[in-house]
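All of the numbers you see were taken from the coordinates with simple rules; none came from a lab. Small disclaimer: the values here were computed from a predicted structure and weren't measured. Glycine gets a Cβ as well: all are built from the backbone with ideal geometry, and neighbour counts include every protein chain shown.
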Amino acid sequence: VTECRGVLDNNQRFSSLPTYLPVSYRLFNAETSFFLKEANQDFMRNSSLQSRVESFFPYKAKRPPVLNASYGPFSVQQAVPQDLMVTSSSFGSATKFPYNWKLQAYILSPKIYVSKPRVQVLFHLVGRDWDEYSPAERLPCLRVFAFRETREVRGSCRLRGHLGLCVAQLELLPAWFSPPSVLAGRKKAAEQLEGSPVELYYTVQPGDEKGECTAEDIRKGNAIRPGRDGGDESMSHLQRIGSVSLYRGQEASQLTELRLDSNVVVWLPSKPVKQGEVVNVYVTIANNSTVDQFILRAKVKKGVNILGARTSDPRQWDVTQEVGNGGKHSTTTVTCQRIAPSSRNRSTSLFHEVVQLDFEIASFSSLSGTQPISWQVEYPRHGSSEPALAEIFICQKDLVGIVPLAM
């Protein structure tokens with residue numbers, strides 16, 4: 001979509017002619033194009049004999065659209081400048097890559113923790129003519145830059161395949177997670193909660209003779225102030241992707257709540273886990289509960305190994321565990337006994353952690369992709385709760401995120 005303006009040399013004069021310039025417009029170099037009318041357009045905007053504003057939409061334009069304006073026997077046409085296009089191309093010169101190509105970039109995880117100091121950015125091609133796709137087509141390379149203060153990290157990838165996509169990875173050094181060298185007091189407190197920001201940019205460059213990305217940076221100047229020594233046509237300017245936040249602490253596990261009754265709540269991971277990983281399950285009791293003893297029973301199917309249970313607060317709770325192995329099922333019985341009065345702390349949490357159980361995902365059914373765990377809590381001489389079922393989702397690879405691809 002673009003807006004074009006035309007200006008007449010002669011001055012406007014009062015006459016009986018209409019108050020708009022009766023010029024006819026046509027568009028070329030596009031498979032389909034049509035002019036747009038704004039819903040709330042000011043009718044006085046084109047009430048002039050000197051200028052006129054029109055918005056239009058070119059579809060599948062392989063070259064810069066050409067606007068033709070005619071008035072009576074007079075006619076003139078001109079290519080629409082790239083900077084007037086609302087969705088300007090990210091590929092720079094149209095002689096290097098097709099005019100209608102656009103790039104979409106997605107940051108797969110906006111929060112980066114020191115335990116996994118990796119930034120991943122997915123790129124994919126938009127506006128490609130799939131009817132003219134050739135396996136021998138050499139798609140361009142993308143170079144990604146991450147900036148924090150005066151430090152810089154780079155990564156690259158090349159667009160490939162029918163979808164024209166790639167994922168660029170940047171490995172951040174541990175020093176990036178340290179506090180900034182100079183920081184105001186109020187901003188320091190905010191960064192501890194919101195994380196330290198890191199800006200991400202990218203450039204586009206052609207591949208080498210084999211279509212691979214060049215190892216050296218052929219761009220003139222430096223990354224923070226590119227083009228100081230003159231521009232290079234083979235490299236586009238820095239395009240901003242967005243920002244990520246760095247956190248010095250460990251990544252907080254995303255847990256889902258399974259309430260067994262009004263006293264006991266079990267917390268399980270909500271993210272999928274890989275085969276062979278250990279799943280940590282946390283058992284908590286309500287802070288206002290008067291229960292001094294309870295027995296927790298868990299039953300798992302074949303493919304899940306019960307590793308062990310350990311108390312989370314040995315000063316208040318004593319924990320014992322019994323494991324039973326059957327043919328198709330395994331069970332664990334954990335007896336929790338309060339050994340000290342409940343401490344009336346000022347914690348805002350509604351629950352107090354009592355015990356942690358560890359399970360190993362040894363195998364899973366490829367049909368369901370889950371492993372169920374059945375839970376039940378029992379109180380001596382006071383009955384038991386109804387069985388509750390929880391499911392652990394299994395994946396064969398790390399699931400970073402889901403990205404919608406609109407071609």
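Of 256, 150, the sequence from fewest to most neighbouring Cβ atoms within 10 angstrom is 150, 256. Put in line by how crowded their Cβ is, counting other Cβ atoms within 10 Å and starting with the fewest, 359, 351 read 351, 359. Each Lys or Arg adds one and each Asp or Glu subtracts one; over the other residues with Cβ under 13 Å from the Cβ of residue 338, this totals -2. Rounded, prolate or oblate: which one fits the stretch 271-314, using the alpha carbon gyration tensor with axes a ≥ b ≥ c (rounded when a/c is under 1.5, else prolate when a/b beats b/c, else oblate)? Cα axes put the stretch 271-314 in the prolate bin.
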